[in-house]
Structures are given as C-alpha cells and as structure tokens.
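S.K.: Sharing a structure below in structure tokens format, with a few things to ask.
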Amino acid sequence: MSVTALVCPKCGAPVRVTAAGRSISVVCGNCASTLDAATPELRLLAEGAAALSVPEIPLGTRGTLAGVEWEAIGYLERSADGDGWREYLLFNPWEGYAWLVDSGSFAFGAAILAEPETIERTARIGNQLWQGKRRYDAQVDLALGEFYWRVAVGETVAVAEYMLGSETLSMERGSEGVSWTLLTPQDPGVVETAFGIAPRMPADPPVPGLTSLWPQMLVVATIAFLALTLVDAVFQSSDPVEVAQLEVPINGTVVSQSAGPIDLPRGRNYVVIRAVPVEGQLDNEWLDLDYTLVNRRSQASYPVSAVAERYRGVDADGPWTEGVERPQVSMAAVPGGRYDLIVEATGQRWQSQYRPDTDQPDRKRLVVMLETGGTDASFYWLAALLLFLWPIILLIMNGDKPEQEDEW
C-alpha cells in the first residue's frame, strides 16, 4: 500500500492518507479537524472541537482476517439510545474497504454491493431470508483517520438491522445514500491476535442482557415448582384422626387429657393439630389450648399453643363478629417415633350486653384432630417467591427486550 504524508493546514501535524485517490475525507489525529482528502493540500473542511481518544487498534496497524491483510485507516465512535460502540474502517488496495465493529466483542463487516430485496420486516439475499431485528439512529461522536465520505461529528444515519443466525445484515441510510454491510461475529482472541492488541478478559454479561433469558428461567422455575408439588402429593398428609375429646368449663379450671399412642413413621414429620368446638358455637368466649407431643422413648417434648375464640358485638357500623373458632397449629420436622399428645384447655368469657355472666359456668365440648405428612402451605409461597423472583425481576428490568421487534 502506498501512503501519502501530508500536513494538517489547521495545526501543522503530519497526516497520513493511505487510500489516496479513494478517500474523500481525513480527520487529523492531533486536532480532530476534518480535511478534504481529494485535494493535494488537504483543504480544511471543519475544525475539530472534540477531545480525542486513543483507539485500541492504532491507525496504520495491519492485521490479517479471513486470509486478507487489512490496514486500520479510520476510527469512529458512535452511539444510539445511550449505548456506544466503536468502528474501525479497514482498507486493502485489492479488496477495498471493510469494517471492524467493537461493541464489547468484535464483528467483521463486509460490504454488500447488490441491494437486498426488502419486504416489510425482512430482507432477502438469494434464497436467504433475514428477519428484521430493530431500527435506530446512529450518531458519530468522534472520528479519526480517513474515510470514503465526508464524515462529521454529530452526523446521524438511520440504521435497520436484520438477523439470520449469528450474523447481522445492517442497512445505513444517510446523506451519502444507502449502504449494506454483513457483520460476522469473530471468535474471542482472533482480532486481538491479528492486530497485536492485548487479549481481552472474558467479562460477565451485563444484567440487561440477561433479560433475554427470562422465558427459559420462567420455564425452569415452573418445572421446579411442579416437581415440589408432585413430591408433596407423594408424601401427602394423612386423613385427620380424632385423638381427644374434652369438656372445657367456661371461667373454670384447667382440663387436661393425654392421647396416644401416636405413631410418626418418617424421619422428619409435619404434624397438624386442629381444635373443633362441637354442640354450638363459642359466644363471646375463648379457649386457651396447649398441646405437647411427648416422645415415649426419649421423653423429648414439642409444645405448641392455640386459641379458639369467637366474639360479637354492635358498634356504630352495626353488628360484628370476629375470631377463629377452629384454630389449626402445626409442628414441622418432628422426629419419627411413638408419641403421646397432652392437651390442656381453659375457657373464658368476655362480658357484654349479649351474654351476661351466670353463676353456673357453661361447658364447651371440644374435639382435637391430628394429621401427619404434607407440607406447610407457607413453604409453597416461599418456594414460589424464590423460584419466580429472578425471572420476574429480569422481565421488569428491561421489559425483556425479548425480540426487540418493538423497536422496528
């Protein structure tokens, strides 16, 4: 390749023109002024005002990609919708121009000379059909080196991207007309080796990029939750069994009863105890209930308490009732073995206009039911939260951008 060395008319710095006779403009690497490469004296087209950055691949560097030796002669920094990337213009005197796009990973861009056939959101090249991915406006934020058009900082082009597999077909429409480029991803290390730059460390994908995984994660979470449900169905709870009956005096003494034996067959057992008042409702009354499971062999005890209660009254809004008359309590991870259940109960009455106190205390008949197995319902709420939380967060974070077709 022949290189022409000229001088910038703005700052006097040397300027290289590699593709002399082909390049239309060149941007001074010292002052960022845009110069007319078609004139011998590099006529000043526009003075530079942007602060310059140093390209990772220095201009003038040569590297071989796909069996062709390319020289990096131009460098652009572009942006769209807050995202930025870098583009290198490559040149070979026999192959012409190509692009190397750096958006965190490299893609090689070859010019498509024959304009593809576009119908709605597709582009066709021969028998290959490309699907529309997204549209956006790309802006030039910085330009260095030489280009085949009159580049200017701030200029924008309308971009339409089409996808087929891992390749991207990019159409750019600007003041210079329409151009098509086929972008092919490059394997890690290929560009770095070709142009002699430092290898890049593998980076964790940005969080917004993970949002494209939310449908798969949602499916996995659903399968996991159904598996938990199946496990619970296999180890479903036993039918409730009546283990004790008590006559509990209201405003009287403590009543106690022992029931057993109760066999818990598993290594760890989930036990549910339910109190059911019979022969009439509680009426402004409550029953304090204390249950204790006692292992016959080890004498280990597992206590739990509940309250059966029902109240009624009248206020400014009218009659009201409240309370849980049939309380249910549970114990998780009770070791297997043979147990006795000790039940202690006391009854109290709340004095009100509906139920005046009497000298003769009432008695409430209480049945205690017990069942084993199954799983605490709160476990499923917690499991559902943990399983579905991350897919939901990913969906909310970026609206998923699943196909980005809304940007077309």
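The values are calculated or read from the model by the stated rules, or taken from the named source; none is laboratory data. All values reported here derive from a predicted model rather than from experimental measurement. Virtual Cβ from ideal backbone geometry, glycine too; neighbours counted across all protein chains shown.
S.K.: Just checking, does the range 59-68 include any residue being more than 20 Å from residue 176 (Cα to Cα), part of a loop (DSSP other than H, G, I, E, B) and modelled with pLDDT of 95 or more?
M.R.: Yes, the range 59-68 has at least one match.
S.K.: Looking only at residues that are in a strand (DSSP E or B) and either in contact with a helix residue (DSSP H, G or I) (Cβ under 6 Å, 6 or more places away or on another chain) or surrounded by fewer than 21 Cβ atoms within 10 Å (Cβ to Cβ) (or both) in the range 18-52, which one is modelled with the highest pLDDT?
M.R.: That would be 36.
S.K.: Kindly check whether there is at least one residue in the range 218-231 that is modelled with pLDDT under 85, touching a Gly at 6+ places or on another chain (Cβ under 7 Å), among the hydroxyl-bearing types (Ser, Thr, Tyr) and not in a strand (DSSP E or B).
M.R.: no
S.K.: OK, next. Step by step: first the residues of the range 257-292, then only those that are outside any strand (DSSP E or B) and under 16 Å from residue 323 (Cβ atoms), then the one that is modelled with the highest pLDDT. Which residue is that?
M.R.: So, considering only residues that are outside any strand (DSSP E or B) and under 16 Å from residue 323 (Cβ atoms), the one modelled with the highest pLDDT is 284.
S.K.: Here is a further query. Which residue is surrounded by the most Cβ atoms within 10 Å (Cβ to Cβ), if the candidates are limited to the range 232-251 and must be modelled with pLDDT under 85 and of a type in the set (Gly, Ala, Ser)?
M.R.: Ranking the qualifying residues of the range 232-251, first place goes to 237.
S.K.: In the range 96-125, how many are in a loop (DSSP other than H, G, I, E, B) and under 15 Å from residue 165 (Cβ atoms)?
M.R.: Result for the range 96-125: 0.
S.K.: Something else about it: Evaluate the following for residue 327: is it surrounded by fewer than 14 Cβ atoms within 10 Å (Cβ to Cβ), within 19 Å of residue 246 (Cβ to Cβ) and modelled with pLDDT of 90 or more?
M.R.: No; evaluated as a whole, the condition is false for this residue.
S.K.: Within the range 132-140, is there a residue that is assigned by TED's automatic domain parsing to the domain that holds residue 61, part of a loop (DSSP other than H, G, I, E, B) and either surrounded by 13 or more Cβ atoms within 10 Å (Cβ to Cβ) or modelled with pLDDT of 95 or more (or both)?
M.R.: No.
S.K.: Okay, next question. On the basis of being over 26 Å from residue 30 (Cβ atoms) and of a type in the set (D, E, K, R), does residue 120 make the cut?
M.R.: Judged against the criteria, residue 120 is a match.
S.K.: From the residues in the range 147-173 that are over 24 Å from residue 186 (Cα atoms) and part of a strand (DSSP E or B), which one is farthest from the chain's Cα centre (by Cα)?
M.R.: Step by step, filter the range 147-173, then rank; the result is 173.
S.K.: Still on this model: Looking at 307, 334, 254, which is the one that is under 44 Å from the mean Cα position of the chain (by Cα), within 20 Å of residue 367 (Cα to Cα) and either surrounded by 12 or more Cβ atoms within 10 Å (Cβ to Cβ) or at pLDDT 90 or above (or both)?
M.R.: On inspection, the qualifying residue turns out to be 307.
S.K.: Something else: Check off (1) touching a residue at least 40 places away in the same chain (Cβ under 8 Å); (2) small (Gly, Ala, Ser); (3) more than 30 Å from residue 57 (Cβ to Cβ) for residue 126 and give me the number that stays unchecked.
M.R.: Evaluating residue 126 over (1) touching a residue at least 40 places away in the same chain (Cβ under 8 Å); (2) small (Gly, Ala, Ser); (3) more than 30 Å from residue 57 (Cβ to Cβ) leaves (1) as the failure.
S.K.: How many residues does the range 63-90 contain that are under 20 Å from residue 149 (Cα atoms), among the charged types (D, E, K, R) and under 36 Å from the mean Cα position of the chain (by Cα)?
M.R.: Qualifying residue count for the region: 4.
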